Every structure is written in structure tokens, then in C-alpha cells.
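Participant: Below is a structure I'd like to ask you about.
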Amino acid sequence: MDKSQIVTKIIGSPKNPVKEKGRAFAPTNIALCKYWGKRNEKINLPLNPSLSISMGDLGTKTVVSMSDKEDQVFLNGEYLDPSNSFTTRLQTYLDLYRPSPNTFFQVHTENNIPTAAGLASSASGFAALVLALNDLFGWNLEQRNLSILARIGSGSASRSIYEGFVTWHAGEREDGMDSYAEPLEVRWPEFRVGTLTLSTEQKKVGSRSGMRLTKETSSLYQGWPDKARFDFNLLQEAITHKDFSQLGRVSEGNALTMHATMIGAWPPLLYWLPESVAHMHKIWELRESGVPVYFTMDAGPNLKLLFLAETQSILEENFPKMKVVVPF
Ligand code: 2P0
């Protein structure tokens, strides 16, 4: 099954817009149980379930309309050259929704994620685009189908359709119709995520090729899907009972295990910088001294701290550059 067959299954054949402009916002998200490795690369089907927290009002706002000449993409108010890789990736995705081959789109997309924060924007970007298209074409799709359409743009975008804690089921079907995200009905207003930006350099190996390399060459990868399934269940339990230390332990262990699989790849994939490791030690020392703080890391050198409101001031003292996100 390819992307266009999935789109046809969900929206039927492409239709004309029902309004002039479609608008939407979607939050970015940080995984506590990571998505790492695909069972199908064409339609982004994961080998393991994942669980994330959406980052409140940090994310992407998108406005989409039709245009008669050519596709036009504006990022943060700036027109992008048609050869820009952001534009071409978007165009390939928009091909799935054109009412006819000579209809074009104008897309205005704005990220309020500080570009230096080390927070992925493809997740909120594809989720906001799908939600804006749903508005433009009047599809009135249920969220599960919106999540599937976002997933075929970028895996982690399936989770950015929702706020709060979100689970993404790996699914088993070849067409991926059982691989969608759903929100957990738990609000945790005291929950905090602190972002520590240690480097803003463009990474040499992106997530997409990093996942493939790890799956194909790391002998440690074998154990990953089972470990992730186990952590996924423990995290759901921790969230349901608001057990912060279980949430922190499992999230930190899950991130470190994912990184261990990458380090075991060949050529080795090590996203950490010396500063990343220095900050890990600092967090472990603080924890030893009784401060309940944990971290998670994605495909990059930056750390995201997990803590509760009651420890915010002590952590701000220890990490003056940390930016605090309040997800609820
Ligand atoms: C995650 N990451 O769960 C994991 C942890 C990076 C590390 O999802 O190929 O950009 O578009 O499906 O979603 C990044 O992968 O990859 C990612 P594609 P995506 O957040």
C-alpha cells in the first residue's frame, strides 16, 4: 500500500476546497518512549509504540489556500525558493491532495519554536498542514484519520495532532490503518519540560537515515522493540497514577537505551557532545542530592529536563539557560 492509496481510503478522491483559506495550529512533541526504527519506510510504520508529551503553545501555525500558477511556500514570513528542500518535501506531500495536476497551493507556515531550542519541527509542521488541509477541504475527518495522514508525512507528526500525553500505536496491519496516535485522558498541570540547548548546529545524520542505519547495522537494535513496548506500558501506568519518579526513570532509561542502539551502529552514531555528558552528570548529582529531575534526549546533543513545578526554581538556578515549557 502506498501513500496515495491511504489518502484515497481516508478522503476518497481529492475534492475542491470549501473555503478560501484553511488554518490550523499543532504543537511540537517530545517522546518519553521513543520512535526509533520502521517496519515500513514508505508510509512511516514504526517497529515499536511510542508515547509523547505535546509542548503546549510551542508549535506550528499554518494557513493553506489554492494558487493558480505554482506552489508557493512561505516559512516564518519569508518566501522560499522552489528548490529549497523544505519546499520540495512539502510539495511531494501536497501532490497527494491536488484536485487536479494543475492546481497549486500557497502555504504560509510559522514556527514559534525558537529555532535554537533543538525541538523538532517536522512533527508540528506536518500535523499543522494536515489540520489546515482538513479545514480547507472540509473533510471533517476524525482525529485518528488525521493522525494517519500526518504520519505519512513524518512519523512523529502522528502524535502532534493532540495536546497533552499521547500514545502512538505501532499497529500490525500492512496498510497501517491501525498505526495512529491517541491522547491519554490525564491532565498533569504541574508537569514541566525544560529545554537545554547545547548546540544549534545542523546534525550530520538526520533521524530518518539514523533509524535505518541503526536497524540495519546495530546488534543492540534487536532488543529495542521489546524494551520500548515494556517502557510504553510502564509510562502509561506512571501517567495514570501520576507517579513522577516512575515516569522519570522510565523516560531517561528509554532515551539512553535508544542512544545505546545508535552507538552500536556502524559507522557509530553518537549524537552526544562532551557538554551533553557533563549535563547528564550534573542531573545525576542533583538527583543524588534529592532533587527529582530526569532527562530525555532525541537525535541530537540537547537535553530536555523532566520535572514538576515544585522544583522549577532550583532547576532554574542550576541551569540558567534552560527554557521551561508548561504543557498543560
Ligand atoms: C521520537 N524521533 O519519537 C524520535 C526520537 C527522533 C528521536 O521521531 O522519518 O522526524 O519523518 O518518520 O518523525 C524523529 O523522526 O522521522 C523522531 P520520519 P521523524 O520523537
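The values are calculated or read from the model by the stated rules, or taken from the named source; none is laboratory data. Predicted model, so just to flag it, every value in this text is computed and none were measured. As a convention, Cβ positions derive from the backbone with ideal geometry for all residues, glycine included, and neighbour counts pool all protein chains shown.
Listed here are the residues, each with its yes/no results for (1) in a helix (DSSP H, G or I); (2) more than 14 Å from the ligand (Cβ to nearest atom).
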position	(1), (2)
224	yes, no
247	yes, yes
254	yes, no
262	yes, no
271	no, no
300	no, no
310	yes, yes
315	yes, yes
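Participant: Let me ask something else. Could you tell me whether any residue of the range 5-14 is within 13 Å of the ligand (Cβ to nearest atom) and in contact (Cβ under 8 Å) with a residue 12 or more places away in the chain?
Facilitator: No: zero hits.
Participant: Next question, about the same structure. Does residue 238 fit the bill of being within 12 Å of the ligand (Cβ to nearest atom) and small (Gly, Ala, Ser)?
Facilitator: So residue 238 does not fit the description; no.
Participant: Also: Being over 30 Å from residue 247 (Cβ atoms) and of a type in the set (S, T, N, Q) is the filter; apply it to the range 45-82 and report the residue that is farthest from the chain's Cα centre (by Cα).
Facilitator: Narrowing the range 45-82 to residues over 30 Å from residue 247 (Cβ atoms): 62-82.
If we keep only those that are of a type in the set (S, T, N, Q) too, we end up with 62, 65, 67, 72, 76.
On the way: 62: 17, 65: 25, 67: 29, 72: 25, 76: 20 Å.
Filtering the range 45-82 for residues that are over 30 Å from residue 247 (Cβ atoms) and of a type in the set (S, T, N, Q), the one farthest from the chain's Cα centre (by Cα) comes out as 67.
Participant: Please tell me if residue 252 is closer than 18 Å to residue 52 by Cβ, of a type in the set (D, E, K, R) and free of Cβ contacts under 8 Å to residues at least 40 places away in the same chain.
Facilitator: Taking the combined requirement at face value, the residue does not satisfy it.
Participant: If you take the residues of the range 2-45 that are part of a loop (DSSP other than H, G, I, E, B) and small (Gly, Ala, Ser), which of them is nearest to residue 140 (Cα to Cα)?
Facilitator: Among those residues, the one meeting the criterion is 12.
Each row is one residue, and each column tells you yes or no for (1) crowded, with 18+ Cβ neighbours inside 10 Å; (2) more than 16 Å from the ligand (Cβ to nearest atom); (3) closer than 30 Å to residue 266 by Cα; (4) free of Cβ contacts under 8 Å to residues at least 40 places away in the same chain.
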| position | (1), (2), (3), (4) |
| --- | --- |
| 136 | yes, yes, no, no |
| 142 | no, yes, no, yes |
| 156 | yes, no, yes, no |
| 167 | yes, no, no, no |
| 176 | yes, no, yes, no |
| 182 | no, no, no, yes |
| 192 | yes, yes, no, no |
| 203 | no, no, yes, no |
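Participant: Right, another one. Sort through 94, 90, 75, 80 and tell me the only one that's under 19 Å from residue 20 (Cα atoms) and either in contact with a strand residue (DSSP E or B) (Cβ under 7 Å, 6 or more places away or on another chain) or not charged (D, E, K, R) (or both).
Facilitator: From the options 94, 90, 75, 80, the qualifying one is 94.
Participant: When the range 50-87 is examined, which residues are found to be at pLDDT 95 or above, of a type in the set (Ser, Thr, Tyr), surrounded by 13 or more Cβ atoms within 10 Å (Cβ to Cβ) and farther than 13 Å from residue 25 by Cβ?
Facilitator: Matches in the range 50-87: 50, 52, 65.
Participant: For the range 146-203, name all the residues that are under 19 Å from residue 60 (Cα atoms), of a type outside the set (Ser, Thr, Tyr) and assigned to a loop (DSSP other than H, G, I, E, B).
Facilitator: 163, 164
Participant: For residue 41, state whether it is among the acidic types (Asp, Glu) and within 16 Å of the ligand (Cβ to nearest atom).
Facilitator: yes
Participant: Does residue 50 fit the bill of being within 16 Å of the ligand (Cβ to nearest atom), in contact with a Phe, Trp or Tyr (Cβ under 6 Å, 6 or more places away or on another chain) and of a type in the set (S, T, N, Q)?
Facilitator: Judged against the criteria, residue 50 is a match.
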